[in-house]
1. Exceeding 23 Å between C-alpha atoms, which entries from my cross-link table qualify? They are A:K367/A:K538; A:K539/B:K193; A:K566/A:K667; A:K538/B:K146; A:K543/B:K146.
2. Taking the stretch A:67-174, which GluC sites (Glu not before Pro) meet the DSSP loop condition and have no more than 16 other C-beta atoms within 10 Å?
3. Please check which bits of the stretch A:421-459 a label hung off A:L237 would reach, taking the label as a point 7 Å along Cα-to-C-beta and the cut-off as backbone N under 20 Å.
4. Report the gain in length on full extension from B:D178 to B:Q75: 0.36 nm times residue separation, minus Cα-Cα distance, nm rounded to one decimal.
5. Report D for the stretch A:111-266 in µm² per second (integer): Stokes-Einstein, Kirkwood Rh on Cα pairs, 10 °C, 1.306 mPa s.
6. What distance in nm separates the two pseudo spin-label positions at A:A128 and B:K31, each 7 Å out from Cα along the beta-carbon direction?
7. In nanometres, what is the gap between the two model label sites at A:F182 and A:F476, each 7 Å from Cα along Cα-to-Cβ?
8. If the limit is 31 Å between Cα atoms, which of A:K426/B:K113; A:K430/A:K532; A:K483/B:K115; A:K357/A:K494; A:K532/A:K562; A:K363/A:K454 go over it?
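Readers should treat all values here as calculations from the given coordinates under stated rules, not as data from a laboratory. Here the structure is a predicted model, which is why all the values come from computation and not from measurement. Here Cβ is always computed from backbone atoms with ideal geometry, including for glycine, and neighbour counts include all displayed protein chains.
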Amino acid sequence: MPSRTGSHSPAGTGKSLPERGLLLLMVLVLLEGSVLPLGAASSPDISHQKNVDNHKVEHEKNYTKKAFPVLDLDYHHIQTPFEISLWVLLASVMKLGFHMIPRLPGIVPESCLLITVGLLVGGLIKLAGEKVPPVLDSQLFFLCLLPPIILDAGYFLPIRPFMENLGTILMFAVVGTLWNAFFIGGLLYAVCQIQPANPSELHQLEILPCLLFGSIISAVDPVAVLAVFEEIHINELLHILVFGESLLNDAVTVVLYHLFEEYSAAGTVTVLDGFLGIISFLVVSLGGILVGAIYGILTAFTSRFTSHTRVIEPLFVFVYSYMAYLSAEMFHLSGIMALIACGAVMRPYVEANISHKSHTTIKYFLKMWSSVSETLIFIFLGVATVDGPHHWNWTFVTVTVILCLVSRVIGVVGLTCVINKFRIVKLTTKDQFIVAYGGMRGAIAFSLGFLLKKEQFPMREMFLTAIITVIFFTVFVQGMTIKPLVELLAVKKKQEAKRSINEEIHTQFLDHLLTGIEDICGHYGHHHWKDKLNRFNKKYVKKCLIAGERSKEPQLIAFYHKMEMKQAIDLVESGGGVNLPSAVPSTVSMQNIQPKKPPPAKPVEKALPKMTKGREEEIRQILRSNLQKTRQRLRSYNRHTLVADPYEDGFSELLIKKQKMIELEKKIQHMNNYLTVPAAPPDSPTMCRARLASDPQAYSSKPAADRVPTIQVDLASPQSPDSVNLMDEFRRADQQEEDQGLMMKPPSGQSGPNRPREEDRGREQQKMTRCLSDPGPSADEEEEDEPFLP
Amino acid sequence: MGASQTRTEHKYQDLADKTGFSLEQIENLHKRFQQLSNNEETINREHLDSIPSLANNPIRKQIIEAFFDKRNQHQDEVGSCEEIGFEQFLMVMSHFRPPSLKTTEEEKEAMRKEKLRFLFNMHDTDNDGTITLVEYRKVVEELLSKSGDIGQEAAKAIADAAMLEVASTNVPHMDPDDFYEGITFEHFEQILKGLEMETRMYIRFLDVETPTLRCGKSTS
């Protein structure tokens, strides 16, 4: 079967990469070309069914005539899913192939390559003489291909920069698109009318179809923008401006499209219609956002109860979002805005509720789907180009392309002059150029054009040709040249640095500070309302939508825990080695920043009983070597490396455990400061037993116990009950974990994490009398073996 | 009328030059100052404390303290005063002016330094030129003070982690026995480099009319 050989196509190691890539390409293209005609050529289902019936009837009459079919070819049975899978496979393998070819991905953006592949495939299908499936018609495109991309964009939308620049984005999206639509439509009509001498077909073009065309072609396309901007890594501000504009202009496009489509039959648009259009715009956009927000809240609320069924968490996110899109489309509201609103609203609450694995699942599924969708869209664009009924008209097409560019530039420059009056961070000329140049058109424009009915719009083919030309122009020419231009103009690139905890602390601090200053000024500005919204969110909304303890968690702490978890996972992934995966490799550790107290030399010496030098050396040696091991472990297994899996659900346990680890680490530092003899920190019961079993030395040194320094443990001291408690908790916690790394017993009975830390000075006395190389003995006597040094 | 008018304008002109505000903004701020101080000449801590909307702010104390901190007056004095006059009020407010289209790169740099200095002074309460671990812990604790017990426990850990980060970024190689004293102003600048203070730390001192000015004493 052709498909089998196709999928086993060899990855020959002897061949070089470009050749391999091209070979892959050709194989799959041929594969596509051969299978589709095969499918198309087969007779339709109904007759097949009849044939089967006939066969059956024949069978019954001539019972023993035919042998039982051992192997049978039945393509129709699986035709549709098979072809869909084949397309998806083609798209994905193309993506693989491109990245294997050296240097090509750097020069040519992926979208260009994909369109080329689409052209090839379309050409092959045409050569085979078959009918190209109408792949970019409304059903498939708007209901299946577009939503994943938009959801991906909406879910991962960086909210803060988006909100900060919302005014600018809205200006570009609404006013800019309107300007583009009317400018292009109007001038196109004028141009069409200017040749009185030889009346061409262009004369039949009325004003309304022109305006309709203008509104279709004027909208910046999110898919194309994403495809190109992802590769040039431009700074956050410009990215969010162009991308935000491409998302929010959907409402304008929808309204204008419907308006002009409805009334181009009638031929005129009255003022009332215009007025209704404006109201319609508000309804479409706000309605879409409302629908999305409702579904977002529903998702967040549902995710509150998923703690027992973690596996289906991602499903809720996807299904609710898709339903938001469909519901909005049902009412002819803006589906794109609904999706964006849904993703943006649900995200903070869902992320607080779902497990880490579900979060990863959602992220990767969204990326996967949107990537496949995008690839398919571009390929189909190529296929549709080859197929579509074309009507080339030089004047129309060239004027369209030129007008698109000109109107975009004028629009951006004009709007920026107005916007800059209200912005703090002004948009420079370079920024304006990138915004103007980044206004790409894409498949949405084509699909909208495709949707037009031939009867109403006799010039439909001309429109489609012009749309395709503009799309090709923006994707190929602008897409290919934007990267070198960005380099040439030295536009600021994206900062790769990770967000640090200091920045987070100070961002929060600044927020509060500015709110406070605004209150003192009596000026109810931006920060005041944001603060009010945050407090409302914390007080009411979070309680409803987030499960359990997480609802009360302040943002700073959430950020901190996320960061710690990331570090822990990084550490585990990097093999748990000695090297800490810090951004800046440094040898600074916790002890460098802890305030050191000078060890009181004299009193300690007095407390130490005399012993022979040799014995002392021996003991020091043993102790030091153990301490080394511990310190090594301390450095690599610091409090960030709690084992990944078990704490997935036990979040508050994580907190408590961490606290204890921190306290105990500090204990060790203090121990180092106080003793002249470095102490061996006590080991876990298992470790104790292991060591004792293998190390006879320990036993032999026992008789000299009274000579060994720092043994006295004050049993009757008030601190010991606490040490017991802490011990018990650790034992309990221990039983759940596989590898503890380091089990530390509190030598001087630090109380539970909730008690405030005592003044160090006060405890100094107790520390000297108490054995710091020993665990709390009362705890030990019940169950555990004696530690290394009794 | 002419004489008194020019005299008032001259008085504000002086302030305008010193602080960089426009005359209109100074007018509005003066009205607010009068409201806060009950038409007296100076305001003290109680006046600022009694602003109701400030009650929900977790770092309220630090903000109020910053007004009375002499270091923010650009006069090389240290310590804090009990009351401040309108000029000092304006000086503190001038730290929150936004950059305009005309500010040059050097001016922006100077502005950023000034704003960072203001923040630094807010954290460095004992005025020794460094933010020690204890002081930083206090900062984080105050930030989380409205979040109950969870906040207090985590505050220490967060402050420690943050301090560690500052130390690792600025002094990458320290021996195990070295001690990182505290965050100096240079280190502070370094770690907050990415935040672009001059564009974030500002308030729009728009033409605020008296009707929209909520009096601090009223129920708001």
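1. Working: A:K367/A:K538 31 Å; A:K539/B:K193 33 Å; A:K566/A:K667 26 Å; A:K538/B:K146 11 Å; A:K543/B:K146 16 Å.
Long pairs (Cα-Cα over 23 Å): A:K367/A:K538; A:K539/B:K193; A:K566/A:K667.
2. Answer in residue order: A:E130.
3. Within reach of a label on A:L237: A:421-439.
4. Values: separation 103, 0.36 × 103 = 37.08 nm, distance 3.53 nm.
Result for the pair: 33.5 nm of gain on full extension.
5. For the chosen part, D equals 87 µm²/s.
6. 7.7 nm
7. The two pseudo-label positions are separated by 3.4 nm.
8. A:K430/A:K532; A:K483/B:K115; A:K363/A:K454
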